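> Mind having a look at this structure? Questions to follow.
The values are calculated or read from the model by the stated rules, or taken from the named source; none is laboratory data. Just so we're clear, the structure is a prediction, and the values are computed from it rather than from any experiment. Note that we place each Cβ from the backbone using ideal geometry, even for glycine, and neighbour counts take in every protein chain shown.
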Amino acid sequence: MAVDGFKAAVYQGNLAGAISEVQEKMLESFNNRTLNIAITGETGSGKSSFINAMRGLSAEDEGAAETGILDTMIEPIAYQDPVLPGVTFWDLPGMGASNFPLETYCEQVHLSRFEFFIIVGYQRFRSSHAILVREIQKMRKRFYFVRSKADMDLDASRRQRPSSYNEEKVLQQIREDCKRGLEAEGVGHPQVFVVSSWEPNHYDFPLLRQTLQEELQSLKRHIFLLSLPGVSSPIISQKKATLKGEIWKAALFSCLIAAIPVPGFAFLCTFFIFRKHLFRYYSSFGLDDRSLAALARQAGKPVTELTAIMKSWRTAPITALMLLFHSVGAAVMITEYSWKRLPVFGAMVSGGVALVTIYCLQQKCLASVADDTQRVLSKALEAEEKKAV
């Protein structure tokens, strides 16, 4: 499995290899993966009727989603698609219903647990739609915007302007209104479908079905890619825990070095011990110059784009030098003077300060490098996410 290879590469500090494992996973391999599609939108927009139409059912058929004037739903309900493999539609409570106000809707329905979204709206593009769009984009997930009840809009237009009525022109105006609203929220190339759940063979309904079927595998791959930072997080934590167990060795060695009564010797040795382990962490996690260059080539990103998000990059040695100077350096100078009068006490103080300082600094540095690994890997995966759809 690609996930196993991805995990192994991350643990080995081979981030370029981890990206390679993902790139080599073919679209066909996602056929067995489930895609959970949330059907969301304001109350009364026709979400349940839309699900029935997508599944080829009427409201009276067995297993159909319950429809009605009143929105009494309090929990999302799952419906399997009878044709598309591994697709589950989730009928969500209506946004703006008495129990689901606009301000808390996304948290109440736990929008983040779903993988793809179809926003169902009617009439003009509204602020409630904008709230959903912003939340979905924040999660870096994708959606279709479905403008429902097209038959009612066309009937109203026909009644109001019978002499100049043009069906395609009205439908295009509806699409353009939705696209303008979506583009105002920063959505590039929004996918808008104007449909009527009562006429699933007309308007954009056939195109919607075809589009979902054609993009299904790439949508599943996109969700797979979004899940990888979560997959890598425990692997990075596991590796951090392993390296953390070795910090005591360096700290104890620094403690012994600090007990040598040579002016400045303890300070210099302690700093170089810290620096050595710092670059070891970079190499171990795959953040050294050579590994980053390989990752940049594999992900198709400039190295500078990866290093720009590394908070520990190039700054840790300087920070460590300052901290060591103020802590170990100052303490050692004091205790070295006390060697003449209290040699045992001076050795103990000098060694103790070095031990505590190195231990704390290396723990902080290790945590910083591990966090950088997660950030860099997520950044490298972004390029693959954009290719997924």
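> Can you find a residue that is over 21 Å from ASP204 (Cβ atoms), touching an Asp or Glu at 6+ places or on another chain (Cβ under 9 Å) and part of a strand (DSSP E or B) anywhere in segment 83-94?
For segment 83-94, residues over 21 Å from ASP204 (Cβ atoms), touching an Asp or Glu at 6+ places or on another chain (Cβ under 9 Å) and part of a strand (DSSP E or B): present.
> Would you be able to tell me the number of residues in segment 133-174 that are out of contact with any Leu (no Cβ under 9 Å at 6 or more places or on another chain) and surrounded by fewer than 18 Cβ atoms within 10 Å (Cβ to Cβ)?
Residues flagged as out of contact with any Leu (no Cβ under 9 Å at 6 or more places or on another chain) and surrounded by fewer than 18 Cβ atoms within 10 Å (Cβ to Cβ) within segment 133-174 amount to 19.
> To continue, here is another question. Specify which of the listed residues (GLU168, GLU176, GLU214) is part of a helix (DSSP H, G or I), farther than 29 Å from GLY56 by Cβ and either over 27 Å from the mean Cα position of the chain (by Cα) or of a type in the set (D, E, K, R) (or both). Step through it out loud before you land on a result.
Details: GLU168 fails: farther than 29 Å from GLY56 by Cβ; GLU214 fails: farther than 29 Å from GLY56 by Cβ.
Going through GLU168, GLU176, GLU214 in turn, just one is part of a helix (DSSP H, G or I), farther than 29 Å from GLY56 by Cβ and either over 27 Å from the mean Cα position of the chain (by Cα) or of a type in the set (D, E, K, R) (or both): GLU176.
> Can you tell me which residue is nearest to the chain's Cα centre (by Cα) among those in segment 122-132 that are surrounded by fewer than 21 Cβ atoms within 10 Å (Cβ to Cβ) and part of a helix (DSSP H, G or I)?
Of the residues in segment 122-132, the ones surrounded by fewer than 21 Cβ atoms within 10 Å (Cβ to Cβ) are 122-124, 126-128, 130-131.
Among the residues that remain, those that are also part of a helix (DSSP H, G or I) are: 127-128, 130-131.
Values: SER127: 25, SER128: 24, ALA130: 21, ILE131: 19 Å.
The selected residue is ILE131.
> Report yes if some residue within segment 61-81 is touching a residue at least 60 places away in the same chain (Cβ under 8 Å), surrounded by fewer than 20 Cβ atoms within 10 Å (Cβ to Cβ) and of a type in the set (Gly, Ala, Ser); otherwise report no. Before the answer, list the steps.
Looking only at segment 61-81, we keep the residues that are touching a residue at least 60 places away in the same chain (Cβ under 8 Å), and these are none.
No, segment 61-81 contains no residue that is touching a residue at least 60 places away in the same chain (Cβ under 8 Å), surrounded by fewer than 20 Cβ atoms within 10 Å (Cβ to Cβ) and of a type in the set (Gly, Ala, Ser).
> Can you confirm whether ILE119 is out of contact with any helix residue (DSSP H, G or I) (no Cβ under 7 Å at 6 or more places or on another chain), surrounded by 15 or more Cβ atoms within 10 Å (Cβ to Cβ), closer than 26 Å to GLU185 by Cβ and assigned by TED's automatic domain parsing to the domain that holds GLY44? So that I can check it myself, show each step before the final result.
On the way: out of contact with any helix residue (DSSP H, G or I) (no Cβ under 7 Å at 6 or more places or on another chain): no; surrounded by 15 or more Cβ atoms within 10 Å (Cβ to Cβ): yes; closer than 26 Å to GLU185 by Cβ: yes; assigned by TED's automatic domain parsing to the domain that holds GLY44: yes.
In short, no.
> Select from segment 209-240 the residues that are free of Cβ contacts under 8 Å to residues at least 60 places away in the same chain and under 30 Å from LEU287 (Cα atoms) and list them in ascending order.
Here is the first cut: in segment 209-240, the residues free of Cβ contacts under 8 Å to residues at least 60 places away in the same chain are 210, 214, 227, 230, 234.
Scanning segment 209-240 gives SER227, GLY230, PRO234.
> For segment 116-141, enumerate the residues that are among the hydroxyl-bearing types (Ser, Thr, Tyr) and within 14 Å of LEU102 (Cα to Cα).
Residues of segment 116-141 among the hydroxyl-bearing types (Ser, Thr, Tyr): 122, 127-128.
Once the filter is applied, which keeps residues that are among the hydroxyl-bearing types (Ser, Thr, Tyr) and within 14 Å of LEU102 (Cα to Cα), segment 116-141 yields SER127, SER128.
> Going by the conditions given, is ARG113 more than 15 Å from SER45 (Cβ to Cβ) and either touching a helix residue (DSSP H, G or I) at 6+ places or on another chain (Cβ under 9 Å) or in contact (Cβ under 8 Å) with a residue 12 or more places away in the chain (or both)?
Values: more than 15 Å from SER45 (Cβ to Cβ): yes; either touching a helix residue (DSSP H, G or I) at 6+ places or on another chain (Cβ under 9 Å) or in contact (Cβ under 8 Å) with a residue 12 or more places away in the chain (or both): yes.
The answer is yes for ARG113.
> Considering each of VAL146, VAL187, VAL170 in turn, give the residue that is modelled with pLDDT of 95 or more, in the same structural domain as ASN52 (by TED's automatic domain parsing) and in contact with a helix residue (DSSP H, G or I) (Cβ under 7 Å, 6 or more places away or on another chain).
On the way: VAL187 fails: modelled with pLDDT of 95 or more; VAL170 fails: modelled with pLDDT of 95 or more.
Going through VAL146, VAL187, VAL170 in turn, the sole match is VAL146.
Conditions (1) among the aliphatic types (A, V, I, L, M); (2) under 22 Å from the mean Cα position of the chain (by Cα); (3) modelled with pLDDT of 95 or more; (4) not assigned by TED's automatic domain parsing to the domain that holds ARG147, marked per residue:
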residue: MET1; (1), (2), (3), (4): yes, yes, no, yes
residue: LYS7; (1), (2), (3), (4): no, yes, no, yes
residue: SER20; (1), (2), (3), (4): no, yes, no, yes
residue: GLU24; (1), (2), (3), (4): no, yes, no, yes
residue: LEU35; (1), (2), (3), (4): yes, yes, no, no
residue: LYS47; (1), (2), (3), (4): no, no, no, no
residue: ASP61; (1), (2), (3), (4): no, no, no, no
residue: GLU66; (1), (2), (3), (4): no, no, no, no
residue: ILE74; (1), (2), (3), (4): yes, no, no, no
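> Somewhere in segment 207-219, is a residue modelled with pLDDT of 90 or more, touching a helix residue (DSSP H, G or I) at 6+ places or on another chain (Cβ under 8 Å) and of a type in the set (Gly, Ala, Ser)?
no
> Please go through segment 122-152 and give me each residue that is of a type in the set (Gly, Ala, Ser) and either in contact (Cβ under 8 Å) with a residue 60 or more places away in the chain or within 16 Å of HIS189 (Cβ to Cβ) (or both), ordered by number. So that I can check it myself, show each step before the final result.
Within segment 122-152, the first condition is being of a type in the set (Gly, Ala, Ser), and the residues that meet it are 127-128, 130, 148, 150.
Hits for segment 122-152 are SER128, SER148.
> Ok, one more. Could you run through segment 78-117 and say how many residues are touching a Phe, Trp or Tyr at 6+ places or on another chain (Cβ under 7 Å), of a type in the set (A, V, I, L, M, F, W, C) and more than 21 Å from ILE223 (Cα to Cα)?
The number of residues fulfilling the criteria is 1.
> Of the conditions (1) in a helix (DSSP H, G or I); (2) in contact with a helix residue (DSSP H, G or I) (Cβ under 7 Å, 6 or more places away or on another chain), ALA8 satisfies every one except a single condition; which number is it?
(2)
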